[in-house]
1. From LEU259, LEU240, grab the single residue that is among the aliphatic types (A, V, I, L, M) and in contact with a strand residue (DSSP E or B) (Cβ under 9 Å, 6 or more places away or on another chain).
2. Give the range 93-148 a look and list any residue that's more than 27 Å from SER277 (Cα to Cα), of a type outside the set (A, V, I, L, M, F, W, C) and surrounded by 15 or more Cβ atoms within 10 Å (Cβ to Cβ), or say none.
3. Just to be sure, is ALA128 out of contact with any helix residue (DSSP H, G or I) (no Cβ under 6 Å at 6 or more places or on another chain), over 17 Å from ILE261 (Cα atoms) and of a type in the set (A, V, I, L, M, F, W, C)?
4. Tell me, yes or no, whether the range 39-50 has at least one residue that is at pLDDT below 95, of a type in the set (Gly, Ala, Ser) and surrounded by 19 or more Cβ atoms within 10 Å (Cβ to Cβ).
5. Within the set of pairs 6+ apart or on separate chains, which have a first residue in the range 331-352 that is at pLDDT below 95, a second that is charged (D, E, K, R), and C-beta atoms under 8 Å apart?
6. GLU191: surrounded by 16 or more Cβ atoms within 10 Å (Cβ to Cβ), more than 13 Å from the chain's Cα centre (by Cα) and under 23 Å from ARG300 (Cβ atoms), yes or no?
7. Can you pull out every residue in the range 250-292 that is within 16 Å of the ligand (Cβ to nearest atom), assigned to a strand (DSSP E or B) and not aromatic (Phe, Trp, Tyr)?
8. Suppose we filter the range 171-221 for residues that are of a type in the set (Gly, Ala, Ser), more than 19 Å from VAL143 (Cβ to Cβ) and away from the ligand (no atom under 16 Å from the Cβ); how many remain?
Amino acid sequence: MTQYNNILIVGSGGREHSIGWKLSNDTEKKVFFAPGNGGTERNIDIESDNIMKLFEFAKKNNSLTIVGPEKPLSLGIVDLFERGRLPIFGPNRNASRLESSKVFAKLFMRNTGIRTAPFSIFSDPNRAIEYVRSSSKNVVVKVDGLAAGKGVFVCENDGEAEVAVRRIFVNNEFITSDNKIVIEDRIYGDEASIIAICDGKSTIPLASSQDHKNILDGDKGPNTGGMGSYSPTPLITENLGNKITEKIMQPTIKGLNNLGIKFKGFLYAGVMIERGSNEPYVLEFNVRMGDPECQSILSRMDSNLLHYLEAAMDERLDSMPPIKWKNKHSVCVVMASSGYPGEYQSGKVIHGLDIKLDNDNDTYVFHSGTKKNSRGEILTNGGRVLSVTSLDDTLEGAKNRSYSVASQIHWGENEEYYRKDIALKGIKYMKSPFSN
Ligand code: GLY
């Protein structure tokens, strides 16, 4: 691949902070962030969707660029960099449609024979509502375009589905690329996040993880970007992991190839393991690392991540050994601004960040919505603020460690919020010893 001197990470979340942390351990090269956050160093003042400015920076600084979020990918940052012969890790614009269009992803899965819930596509609200009323199943309503994890409505009954349809079509709460929605049958079971590094031909799976998408304990309340994660999840046994690789990840890369699309980057399948059948259904594809899954996965990674990213760009993943993982469990608790995913305040000084870091070598506090002021204080600057991520020999131990650290971090009375049940599901269905 093209030689490079520096690394540029695009994005500002906990995902990007953890990728930067891992790469800084893997290489002597300087790691820059655009725009980064209050916890990252060498921040460049360029927003993650300003792909022209990112190109100029990468060219001038001879950088390898690694893209965190979906937006610049869907805008074609990879196509732009490849035209300019700059090294970049991520899928191109066409491949990114797996995430940027739910309609494209569902039709692709149907045509490729990848198991997914039965669905219909609507552009007319009345027809959508008629369909909901006539269906004997509960449904999930999905906005077609990108919606930061908030455009999916998992409905308990027809009334909720009708409200979702109206919010999308009548209230226009989301920007949908072509004014379409997907309505699919709701599958009941347990969800896991399966992420692989892909080079357009082969895939290498990362450790499994499980996200906690709802804002409230017990998976209640509206969806968020993700309120916590743990890795590995005992839900994904070795057999199931192999099945997902063979029936989902590899066919996806092959199916895209058949469409003339080469997928290089992180491929993320959100899968539902159906209760009863134990079969994995793809709920959604993402074309990047998950946030907060990335934090719990990379904190366990023993192998050199950069070597795998380089191998993927060079299309030689098939010559790489399986990735080595620490024989430990990780739990990531997301601390959010009170009010998220609705309205919240920013600009609060965060206290307690130093206390924990000195005392705890197996805990990492990755920053998301934070910024540093001129006095060097760290302020809140977004909905999801910090990802407190700990490792331990047991899942319970990792959970306790993360919560103990989180309880020492404050930015005002009742100003911080976090779920109290991250990883409890994993502890509950962990019957067998470590299996990943
Ligand atoms: N945690 C879910 C996502 O990254 O989309």
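The values are calculated or read from the model by the stated rules, or taken from the named source; none is laboratory data. Since this is a predicted model, take the numbers as computed values, not measurements. Here the Cβ is made from the backbone with ideal geometry for all residues, glycine too, and neighbour counts use every protein chain on show.
1. Values: LEU259 fails: in contact with a strand residue (DSSP E or B) (Cβ under 9 Å, 6 or more places away or on another chain).
None of the other options fit; the residue is LEU240.
2. Those that are more than 27 Å from SER277 (Cα to Cα), of a type outside the set (A, V, I, L, M, F, W, C) and surrounded by 15 or more Cβ atoms within 10 Å (Cβ to Cβ): ARG93, ASN94, SER96, ARG97, SER100, SER101, PRO125, ASP144, GLY145.
3. Details: out of contact with any helix residue (DSSP H, G or I) (no Cβ under 6 Å at 6 or more places or on another chain): no; over 17 Å from ILE261 (Cα atoms): yes; of a type in the set (A, V, I, L, M, F, W, C): yes.
No: the conditions fail for ALA128.
4. Residues of the range 39-50 at pLDDT below 95: none.
There is no residue in the range 39-50 that is at pLDDT below 95, of a type in the set (Gly, Ala, Ser) and surrounded by 19 or more Cβ atoms within 10 Å (Cβ to Cβ).
5. Hits for this filter: PRO341/LYS150.
6. Values: surrounded by 16 or more Cβ atoms within 10 Å (Cβ to Cβ): yes; more than 13 Å from the chain's Cα centre (by Cα): yes; under 23 Å from ARG300 (Cβ atoms): yes.
Judged against the criteria, GLU191 is a match.
7. Hits for the range 250-292 are GLY265, LEU267, ALA269, GLY270, VAL271, MET272, VAL282, LEU283, GLU284, ASN286.
8. Of the residues in the range 171-221, 4 are of a type in the set (Gly, Ala, Ser), more than 19 Å from VAL143 (Cβ to Cβ) and away from the ligand (no atom under 16 Å from the Cβ).
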